[in-house]
Amino acid sequence: MLRGVRRITLAATAVLLLALAGPPATAHDPETPEGRAEQAEMLRIYEPTWRSGTALAGAPVTCVNGMAGTYPCKNVDLLSFLPQSALGGGGSSSMWYWTDTRDSNEYILYCRSNGVSFVNVTDPSNPRYLGNLPSSNGVSSSWCDVRTYRNYAYIGKDSVSHGIQVFNLNKLQGVTTTQTFTADARFTGLTNSHTLQINQNTGFLYVSGANTCSKGLTIYDIKTPLSLRQVACYSREVYSHESIVVNYAGPDTRYTGREIAFNYTGQGKRFQILDVTDKTAIKVLSSVTHPGAGFIHQGFATSDYKHMIVNDETISTAGGSPDFVYNIEKLDAARYVGKDVATRGTFVNHNGYTVGNRHFQASYRGGLRILDTTSAATAKLPEVGYFDVDPSSNASGYSGSWMALPYLKNGVVAVQSIGVGLFLVRPTGAAAVS
């Protein structure tokens, strides 16, 4: 996710140049013209000519001969679509999921510029919008992130004075009419934040890119869910854009059971592996990079935890936006393996998540791309499926899909499109998890 500013001052021509040329590293700095131009593009709530703005529900639209209705596809069927206008309006960015353990209902928490939408997706062919939690103090930002812990949601926004909202998700059970919800708590120990990550096993919230900790990694104890207590600060890098945190169970048995953070430093151009078990003595196990690194944005491990698939948000080439593969079999000796030289278009890769031997990646104007991780050891990630939420273009730029979540039941994947809406799709054939 790219970070920008609240006010837009650049002319539309600058925005166009940014979209065509691809983003320089300074596009992530809100004090630069490039950063302001990037914000202008992302704030633009566009209405593509290829869609009517109406919901699609009912029978799935099968991917046949490379199309699911009007959407280019490969081995991915469209189950339903809810337009932004049916989700509370505004822009959109991140999202997350939650399963109610009481009745097994599934929900998507859909982050918008002016709030968070709650969507019941238990029946993915007929999703139901339940209502909206407005932003704190009515602020608006293109950068919103949300994660869950137990039955609570945590919501932060960047570039505005928002803090972190805490919301009891149990309120969603039994909702039959659209609601305007209120937060159960608001943490004001920070002003803004870029991304959030929660370790479900330990009850710690990891906040990246906030106004705290020199924009590094700030760690909070949330085991008492309505109160956040800061327990650590990792500020040795210029920035922490995002961290994925796990209780380690990979091949490096020296670290089995320890709390490990995979940290992506954005313009710091480093992928790091941190041992954060002892919050008073965070240890850097590895700090590596790849040739030509611009903005190391995010990554996710293969299921065997032998390799890390990393995206770099400022790299887009005529041959396609590559993913970068690192060997992480030894946490204290991570090494760069190589890049997957894709031929999928000039779109920019964004957030990616791995399930089984499939890596699900939101790729802005490229939509959802599904990669086979079987040959990750040689940096080969062949594309086995896709669903293009922006049929008008596969060029570089920051419209299209920001987030794709492959964690719903029965192989359903939620795909967000900035300012357009929420797609629910299902991979088939070679694209399905095996």
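The values are calculated or read from the model by the stated rules, or taken from the named source; none is laboratory data. Remember, it's a predicted structure, so these values are computed and weren't measured experimentally. For neighbour counting, all protein chains shown are included, and Cβ atoms are generated from backbone atoms with ideal geometry for every residue, glycine included. Accessible surface areas use protein heavy atoms only, side chains included; no ligands, DNA or RNA. Shrake-Rupley method; radii C 1.70, N 1.55, O 1.52, S 1.80 Å.
Just a few scattered comments:
- Every residue from the stretch 203-222 that is in contact with a Lys or Arg (Cβ under 9 Å, 6 or more places away or on another chain), on the phi < 0 side of the Ramachandran plot and surrounded by fewer than 19 Cβ atoms within 10 Å (Cβ to Cβ): Asp221
- Note on the stretch 92-107: among residues that are of a type in the set (Gly, Ala, Ser) and surrounded by 23 or more Cβ atoms within 10 Å (Cβ to Cβ), the one that is modelled with the highest pLDDT is Ser94.
- Total residues in the stretch 168-191, condition touching a residue at least 40 places away in the same chain (Cβ under 8 Å) and either at positive phi or open to solvent by less than 60 Å² (accessible area, probe 1.4 Å) (or both): 9
- Residue in the stretch 152-167 that is crowded, with 19+ Cβ neighbours inside 10 Å and farther than 27 Å from Tyr264 by Cα present: yes
- Against the conditions (1) part of a loop (DSSP other than H, G, I, E, B); (2) of a type in the set (Ser, Thr, Tyr); (3) in contact with a His (Cβ under 8 Å, 6 or more places away or on another chain), Tyr407 satisfies every one except (3).
- Among the residues here, Ser434 does not qualify as over 26 Å from Tyr305 (Cα atoms), modelled with pLDDT under 95 and either open to solvent by 10 Å² or more (accessible area, probe 1.4 Å) or part of a loop (DSSP other than H, G, I, E, B) (or both).
- Criterion: crowded, with 16+ Cβ neighbours inside 10 Å and either over 30 Å from Gly338 (Cβ atoms) or at pLDDT 95 or above (or both) - qualifying residue of Val284, Val276: Val276
- Count - residues of the stretch 150-181 that are within 18 Å of Val119 (Cβ to Cβ), hydrophobic (A, V, I, L, M, F, W, C) and assigned to a strand (DSSP E or B): 3
- Qualifying residue in the stretch 94-107 (condition: closer than 15 Å to Gly421 by Cβ and either assigned to a strand (DSSP E or B) or hydroxyl-bearing (Ser, Thr, Tyr) (or both)): yes
- Qualifying positions in the stretch 276-302 - over 27 Å from Arg229 (Cβ atoms), part of a loop (DSSP other than H, G, I, E, B) and without any contact (Cβ under 8 Å) to a residue 60 or more places away in the chain: Thr289, His290, Pro291, Gly292, Ala293
- Within the stretch 244-265, the set of residues being among the polar types (S, T, N, Q) and crowded, with 19+ Cβ neighbours inside 10 Å comprises Asn263, Thr265.
- Residue within the stretch 397-417 that is hydroxyl-bearing (Ser, Thr, Tyr) and open to solvent by 30 Å² or more (accessible area, probe 1.4 Å) present: yes
- Index of the failed condition, Ala379 passing every other in (1) surrounded by fewer than 21 Cβ atoms within 10 Å (Cβ to Cβ); (2) closer than 20 Å to Glu106 by Cβ; (3) of a type in the set (Gly, Ala, Ser): (2)
- Selection status of Tyr326, of a type in the set (Ser, Thr, Tyr), modelled with pLDDT of 95 or more, assigned to a strand (DSSP E or B) and crowded, with 24+ Cβ neighbours inside 10 Å: yes
- When Tyr305, Tyr336 are screened for being assigned to a loop (DSSP other than H, G, I, E, B) and open to solvent by 20 Å² or more (accessible area, probe 1.4 Å), only Tyr305 passes.
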